[in-house]
Amino acid sequence: MPLSELKEWVSQIATLTKPDQIQWCDGSGNELESIQALLVRQGTIEALNPKTRPNSFIARTDPRDVARVEERTFICSEQEADAGPTNNWMEPSVMRTLMRERFIGSMRGRTMYVIPFSMGPVGSPFARYGIEITDSPYVVASMHTMTRVSQKVLEEIQAGKPWVPAVHSVGMPLVDSQENKIADVAWPCNPEEVYVVHYPETREIWSYGSGYGGNSLLGKKAMSLRIGSVQGRDEGWLAEHMLLIRVTSPENKRYHLAAAFPSACGKTNLAMLRPTIPGWKVETIGDDIVWIAPGENGKLRAINPENGLFGVAPGTSEGTNKAAMDSMDQNVLFTNVATTKDGDVWWEGMSKEPPANLTDWQGKPWTKDSGTLAAHPNSRFCFPMSNTATLCDDWESPEGVELDAILFGGRRATNVPLVVQSRSWQHGVFMGATISSEQTAAAEGPVGVLRRDPFAMLPFCGYNMADYFAHWLSFGEKIAEDSLPKIFQVNWFRKSSDGSFLWPGFGENSRVIDWIISRLEERSEGQQSPIGLMPNISELNLDGLNFEEGELEALFEVDPESWLYEVRSIEQFFERFGAKLPQELRAELIELEARLLQEQGAMV
Ligand code: GTP
Ligand code: SPV
Ligand code: MN
């Protein structure tokens, strides 16, 4: 029966959107090849030089469709309070009418694709199924890489497993209301009318007007985080914007670490880290999304529900992330990078000197005197997990891996030290709830402005963030402190007064991981500070690094006065949640302030 329900839903959507034809996707290699050929014919993608980059392509988007659009992302719960103060909300019935108007005939002249996909290995206790309907073959190609598109999903649905319906249209029909044909363009979209809409109670997704990234690949942020977080709240698990790695120490001990950093703040880079200190190994399990649930022994277990990487291109180089570069030797779909005259790709940071005669992300000739960026700052590479040079053997383990530590971080030029351990689970939740970061190009809006991005989930939490904080705190009640992962705050991005990064970052972050693991193994003591436990400098392996006078101190400085400003800013942020804010977090803030005042007193 359930399959007939699915078919009924597909035909309803077709009646609404009026496509020329319907194509059910099976996830096969042949299907991907024919979709790629179609995209090439339509001019949406171009093949790169098969000698240097086999089976790889570049897409150039409409310059108005280059990132997630948070302003146009909605959580339409029945009650506004359930969406909370950090989400856009509209009454579901009002939004449904509005979306219906937009989707009427929105696929005219196009093919409607029906994509059965799984987040997580099909059949795994973690796996969740979805059906995305889209009129964008670029989305079909990307979903092939980012999710598990498979007939097996239909069998699971037939067997009665729940699934999330997700409807997407680029919002540019090829026939107008007077029945006139409209010429297609290389990157159809409708940037003035973008809506990325979630109905958390009925677990539905509707997305209109954008073909880019998280706006249109609906298994990713929409299903795995916004709908996923709501399912997690109801069912006792967590859907998080995190990377997941296995770290092996020189003594051959294995640990699993997850880390939440806001968009474009270093998850993919940490996920593929090549340690610069001897004896350590890091293997990739996931780079953007992690689902966490208590296992049978009560310890938290984690999986990466995705099947591919959709990573930020600029800044990626042989020097900063060799593993990522090695993973891109074939089967990559690049979007909005620059191309060379030999049919290869380039972006800012790949090499010091750009090659001569580039074509920029908008398809225009470009030289370093052009005064613009060759690649869009949110340009991306997309490749299957199987490409990953540092892939962990157990990355698809259906029951996930046991989590030993959780890191929270952001992009902070000031105040936040390189690494701090939380005093407890509750204090760790406070650290997560108060992450702040300078905005990046991953979403619309001004780059560089500081904002609170709790748990790096501000754009991705599908319910009231205060309830989400309470959900995190509840694990501290259900699970003994000893069994819970230890929580750390990190910041790779602190700057000196001349504006340069104080910490070399990338592979050198292995030195921080070394200290974190020394804490798990109780090999180091650390030293208390008002904001948590920091390393004694002697506990850090800094062999081979050169710091100028005062730089290391600056990296770890906790200035009570500026931290008291931080307290005020957190207070203001917390006020947004009113009485819903868990009192434990208010208590943590009061205690933090007291410790800072005490420290300030001791200094005078
Ligand atoms: P999303 O895919 O948007 O969620 O981003 P992400 O969190 O995976 O960020 P990513 O690893 O792609 O890094 C974003 C940018 O930060 C890139 O330009 C990187 O080069 C830069 N970056 C990453 N790690 C470091 C680091 O340790 N130090 C410095 N200075 N820059 C870094
Ligand atoms: C992010 O913005 O956090 C991303 C890119 O990972 S997108 O898939 O567009 O959400
Ligand atoms: Mn992300």
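Does the stretch 308-387 come out rounded, prolate or oblate by the C-alpha gyration tensor, with a ≥ b ≥ c the root eigenvalues, rounded set by a/c under 1.5 and, if not, prolate when a/b is larger than b/c and oblate if not? It is prolate, given that a/c is not under 1.5 and a/b is the larger ratio.
Less than 14 Å Cβ to Cβ from His471, Lys/Arg counted +1 and Asp/Glu -1: what total charge do the surrounding residues give? Provide the component values of the computation, followed by the final result.
Numbers: positive: Arg233, Lys478, Lys580; negative: Asp82, Asp234, Glu235, Glu240, Asp467, Glu477, Glu584.
Its environment carries a net charge of -4.
A simple rule links phi to the HN-Hα coupling: the Karplus curve 6.51 cos²θ - 1.76 cosθ + 1.60 with θ = phi - 60°, which for the stretch 203-216 gives 6, 10, 10, 10, 10, 9, x, 10, x, 9, x, x, 6, 10 Hz, with x for Gly and Pro. The relative contact order of the stretch 308-387 comes to 45 percent, based on Cα pairs under 8 Å that sit 6 or more residues apart. Note that the stretch 289-414 presents 38 Å² accessible area per residue, ligands and nucleic acids not counted, probe 1.4 Å. Here is the list for the stretch 532-604: GluC sites (Glu not before Pro) lying in DSSP coil, each with at most 10 other C-beta atoms within 10 angstrom of its C-beta, are Glu548, Glu549. Length gained on full extension, Gln527 to Lys161, computed as 0.36 nm times the residue gap minus the Cα-Cα distance: 126.7 nm. Fully extending the segment from Ala47 to Asp326 would add 98.5 nm, taking 0.36 nm per residue of separation and subtracting the current Cα-Cα distance.
Take every DSSP beta bridge whose two residues both sit in the chain; close to 65 percent of them are antiparallel. For the stretch 127-144, putting each phi into the Karplus relation 6.51 cos²θ - 1.76 cosθ + 1.60 with θ = phi - 60° gives couplings of 5, 10, 10, x, 10, 9, 9, 8, 9, 10, x, 4, 5, 4, 4, 5, 5, 4 Hz, in residue order, rounded to whole numbers and with x for Gly and Pro. Between Asp394 and Val449, residue separation times 0.36 nm minus the direct Cα-Cα distance comes to 15.9 nm.
Amide H contacts of Ile45: Val40, each under 5 Å away and 5 or more positions distant or on a separate chain (H built 1.01 Å from N in the peptide plane; Pro and chain starts excluded). Seen from Pro92, the other residues with C-beta closer than 10 Å to its C-beta sum to a net charge of -3, counting Lys and Arg as +1 and Asp and Glu as -1. A Förster radius of 25 Å combined with the Cβ-Cβ distance from Ala602 to Glu481 puts the calculated FRET efficiency at roughly 0.30.
Measure off, as a whole percent, the carbon and sulfur share of the 1.4 Å-probe accessible area of the chain, all protein chains present. For the chain, the apolar C and S fraction of the accessible surface comes to 49 percent.
Let me know the charge dipole size of the chain about its Cα centre in debye, to the nearest 20, where only the beta-carbon of Lys, Arg (+1) and Asp, Glu (-1) is charged. Kindly include the intermediate steps, with their values, before the conclusion.
Details: 55 positive and 81 negative charges, 230 e Å.
The calculated dipole for the chain is roughly 1100 debye.
Of the trypsin sites (Lys or Arg not before Pro) found in the stretch 322-422, those in coil by DSSP whose Cβ has at most 14 other Cβ atoms within 10 Å are Lys341, Lys352, Lys368. The phi torsions of the stretch 596-604, fed into the Karplus equation with coefficients 6.51, -1.76 and 1.60 and a -60° offset, translate into couplings of 5, 5, 5, 4, 4, x, 5, 7, 8 Hz, rounded to whole numbers, with Gly and Pro shown as x. Does the stretch 403-520 classify as rounded, prolate or oblate by the C-alpha gyration tensor (a ≥ b ≥ c root eigenvalues; a/c under 1.5 gives rounded; else a/b over b/c gives prolate, otherwise oblate)? Because a/c hits 1.5 or more and a/b fails to exceed b/c, the stretch 403-520 counts as oblate.
What are the semi-axes of the equivalent ellipsoid of the chain, taken as the square roots of 5 times the eigenvalues of the Cα gyration tensor, listed largest first and rounded to whole Å? Could the numbers behind the result be given before it?
Numbers: eigenvalues 305, 161, 106 Å².
Calculated on Cα positions only, the semi-axes equal 39, 28, 23 Å.
What relative contact order, as a whole-number percentage, does the chain give when Cα pairs under 8 Å and 6 or more residues apart are counted? Intermediate results must be reported in sequence, preceding the final value.
On the way: 1316 pairs, mean separation 86.4, N = 604.
Here the relative contact order equals 14 percent.
Shape analysis of the stretch 1-96 places it in the oblate category; the axes a ≥ b ≥ c from the Cα gyration tensor give an a/c of at least 1.5, with a/b not above b/c. Please identify every one of the GluC sites (Glu not before Pro) in the stretch 103-209 that sits in a loop by DSSP and has no more than 16 other beta carbons within 10 Å of its own beta carbon. Sparse-neighbourhood loop GluC sites (Glu not before Pro): Glu179, Glu201.
Per-residue ellipticity at 222 nm, computed for the chain from helices alone with -39500 (n - 2.57) per DSSP H run of at least four residues, works out to -8000 deg cm²/dmol.
In straight-distance terms, cross-link reach from Lys478 covers every one of the aspartates and glutamates whose alpha-carbon lies under 16 Å from its own, apart from those fewer than eight places away in the same chain; here that gives Asp234, Glu235, Glu296, Glu584.
The values are calculated or read from the model by the stated rules, or taken from the named source; none is laboratory data. Because the structure is a prediction, the values reported are computed rather than measured. Positions of Cβ are generated from backbone atoms using ideal geometry, with glycine treated the same way; all protein chains shown enter the neighbour counts. Keep in mind that these areas ignore ligands, DNA and RNA; they rest on the heavy atoms of the full protein, side chains included. Shrake-Rupley method; radii C 1.70, N 1.55, O 1.52, S 1.80 Å.
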